[in-house]
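The values are calculated or read from the model by the stated rules, or taken from the named source; none is laboratory data. The structure displayed is predicted, hence computed values, not measured ones. All Cβ positions, even for glycine, are placed from backbone atoms using ideal geometry, and neighbour counts span all protein chains on display.
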Amino acid sequence: MQSYLQESLLKERGLHLFDAWAANFGEVQRTLELAPEGKGYQAKTRFAKFFNLPELMNLFRLCADIKMPEDLNLPVPEAHYECIKTEASEYQKEMVDGLAERAGEIRGGNVDPTKDNMLKITNEGRKLALDQRLINPLLPDDPESKVNKCVEKVLEIWDGSKENLGTQMIFCDMSTPKPDEFNVYDDIKQKLIAKGVPESEIVYIHDAKTDVQKQELFAKVNKGEVRILLGSTNKMGAGTNCQKHLTAVHHLDCPWRPSDLEQRNGRIIRQGNLNKEVNIYNYVTSGTFDAYTYQLVENKQKFISQIMTSKSPQRIAEDIDETVLNYAQIKALAAGDSRIKEKMDLDMAVTSLRTAYSNFLDNRRNLRTDIVKKYPEMIAQKSEALKGLKEDLETLKNHTTDGFSGMLVGRNIYDERKDAGEALLAAVKSVGLQNTGAFIGAYKGFDMSVDFNKTKGAYELVLKAAISHRVEMGSDAVGNIMRIDNSLKEIENTIIKVSESLEDVQKQLKIAKEEVEKPFPKMEELKSMEKRLNELNRELSLDKEEESEILPEEQNKTAYEGER
C-alpha cells in the first residue's frame, strides 16, 4: 500500500526499495521449506517478526485513517457475550480418540494421502464438534449437545421477546440444508416447530436465491414477520441488513478467520437496531475441535490487533505464520566477496545432504527393524488371514441356497428379506456402547454381533465364522441385507487380494534385505563439501562462530562411523 500511495515519501526517506524497507521494519530469516512438489527443500526469505511499528504506522497513517468501532461512538447496541459450553457425549469422545489415532497414522507416513489426510480429519473433527449425527445419522440425538442447547436458548428468547417482535440469527457453516440428508438446519427448525414456533417465522437464508428475494426476506425480518433466520457466514454476512429488532446472534460453529466472526457480529452490533442491549452466544463442545478453532482465530486476531489500532502500537509484533523448518540466519557480511556466495550455496547444499544422510540412516534403521519384525509379522498375519478366509468360503458354500435363506435375529428366524432387515436394524439401534460385541443372531453359518467404529462414527455388523467380516450399517433395512450378502460374496475376491498381498510382502522383504546393505550414494560428495566449507569458514573468520554448525574433519569420522 505504501509503495502505491507513498512512493515519493518512501524515496525521501530511502525506503522505496523493499530491501531497505524490510531492513527497517522486519526481521528477516532464511528458512528451508519443503518444495511445492513435496520432494526436497527450497530456501525462502520471510519475516519472523515486525519491529519499529510506531514509526511504520505513523508513516502509514499519512495515507490511511484507521478508525476502530470504539473510536466512532456510533449509536449501536451494547453487546453481551456468553459462551455456552457443553460436554462431549461418549460417542464424541470415542470418535475424537479415533481421529487422534488416524492423525498419528498419517504423521507416521502409514496412510495414502488420497485415502486419508489431515484436511479430512479436521473437517470431520469440526462436524463432530457440531453434532455427532453429522458423522453418522444413526447415532442418538444427545439432549445435552450444543445444538439442543441452542434450540433451548432460541426458544427462551423467542418467547420472552414476543411483545417487541425480537428476532434472532443462527450462524452455522458446517451443516447447510440438504434434502433427504441429516443437517443441523432442519433439525433445529423441526425442534422449534415442535415447541410451538410457527413455521412461517423460521427461514433459511438459502431460500432467498436472488438479491430481490434477499431484500424481501430482510424486510420481513425487520417487520418481525420472520423472527428466526438461519444461515452461513458466506450467505448471511456482509450486506445482510435486518437488524431492526435483532436481539440475539448464535454462533453454532467457529469460522477460520477473525473477519468472519466480525462480520457475523456486525449484523447485530449495528446502527438501526432498536434494542439498546443485545446478546451474542458462542456454543462450544469441550474436548473437541472447537477449542482449537477458537484458539486459532484468537491468535490471528491478536496479531491483527497489534497493528490495526488507532492507538500507538507496541514496538515489536511476532508474525503468526505457518511453521517452517529453520535453516540459519544469513550473516551480514561485506558485499562483493565471491567466497560469501560460495559459502551460502555450500551451507544450503550441505544442509540438504545432511538431511538426506540423516534420512538414509533412519531409513536403514527402519529397514533392519522391518526385516526382523515388521515383514515376518505381516507374513504371519496374512497367512493366518488367508487360512481363515478359505475356511469361511467353505462355510458360505455349505449354507448358500437359491434366494434368501433366512436370518436369525435375537430368538426369531425371519424368512423374508424385508422382515429380517427391519429386525436387524432395530437390533443394531438398540445396542449401546456398553453392549457392543454381544451376539444378536446368525446368517449363512456366520454369527452376528454389533460394534461401534469410533474412527468412522458408525455401527458395524460383525459376521464371524473362522474370522470376522465387518459391514457398515445404514438406515435402509433391505439395503443392509444386500450389503451383508455383497460382503460375503467378496470373500472369494479377498482371498485373491490377500494372496497377492502376501506375495508382495515377501518381495518387499527380499528387496529390504538388499537395500540395507547399500551405502549412502552421496557420501563422498558430502565429505568434500564439508571440507571446503570448513576452509571457507576459516578464511572468513567464521569458524568459531559456526563451530556448532560445521563438523570438523575429526568429528566427521565419528559421524560417519556407522556408514563404514
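Observations on the model:
- With respect to being at pLDDT 90 or above and under 30 Å from residue 433 (Cβ atoms), residue 465 fits the description.
- Checking each residue in segment 146-176 for being over 19 Å from residue 83 (Cα atoms), surrounded by fewer than 19 Cβ atoms within 10 Å (Cβ to Cβ) and not aliphatic (A, V, I, L, M) picks out 159, 160, 161, 162, 163, 164, 176.
- Within segment 449-467, restricting attention to residues that are in contact with a Ser or Thr (Cβ under 6 Å, 6 or more places away or on another chain) and within 21 Å of residue 393 (Cβ to Cβ), the residue that is surrounded by the fewest Cβ atoms within 10 Å (Cβ to Cβ) is 462.
- Looking only at segment 389-403, and only at residues there that are in contact (Cβ under 8 Å) with a residue 40 or more places away in the chain and of a type in the set (Ser, Thr, Tyr), the one that is nearest to residue 445 (Cα to Cα): 395
- Within segment 269-286, one or more residues are at pLDDT below 85 and not charged (D, E, K, R).
- Residue among 233, 176, 247 that is in the same structural domain as residue 154 (by TED's automatic domain parsing), farther than 23 Å from residue 278 by Cβ and among the polar types (S, T, N, Q): 176
- None of 27, 33, 94 is surrounded by 13 or more Cβ atoms within 10 Å (Cβ to Cβ), at pLDDT below 85 and either over 25 Å from the mean Cα position of the chain (by Cα) or farther than 30 Å from residue 356 by Cβ (or both) except 27.
- Unmet criterion (only one of (1) more than 22 Å from residue 282 (Cα to Cα); (2) in contact with a strand residue (DSSP E or B) (Cβ under 9 Å, 6 or more places away or on another chain)) for residue 195: (2)
- Positions within segment 468-486 being surrounded by fewer than 20 Cβ atoms within 10 Å (Cβ to Cβ), of a type in the set (S, T, N, Q) and either closer than 22 Å to residue 435 by Cβ or not assigned by TED's automatic domain parsing to the domain that holds residue 432 (or both), in sequence order: 468, 475
- Output for segment 215-240, where each listed residue is modelled with pLDDT of 90 or more and over 17 Å from residue 185 (Cβ atoms): 215, 216, 218, 219, 220, 222, 223, 224, 225
- Entirely in segment 47-145, the helices (runs of 4 or more DSSP H) that have 1 or more residues that are of a type in the set (Lys, Arg), touching a residue at least 60 places away in the same chain (Cβ under 8 Å) and not assigned by TED's automatic domain parsing to the domain that holds residue 12: 90-107, 118-130
- Cross-chain or 6+ apart pairs with Cβ under 9 Å, segment 513-527 first and closer than 27 Å to residue 374 by Cβ, then exposed (fewer than 11 other Cβ atoms within 10 Å of the Cβ): 519/564
- Of the residues 441, 437, 421, the single one that is in the same structural domain as residue 498 (by TED's automatic domain parsing), surrounded by 19 or more Cβ atoms within 10 Å (Cβ to Cβ) and on the phi > 0 side of the Ramachandran plot is 441.
- Every condition in (1) touching a helix residue (DSSP H, G or I) at 6+ places or on another chain (Cβ under 7 Å); (2) modelled with pLDDT of 90 or more is met by residue 102 except one, and the failing one is (2).
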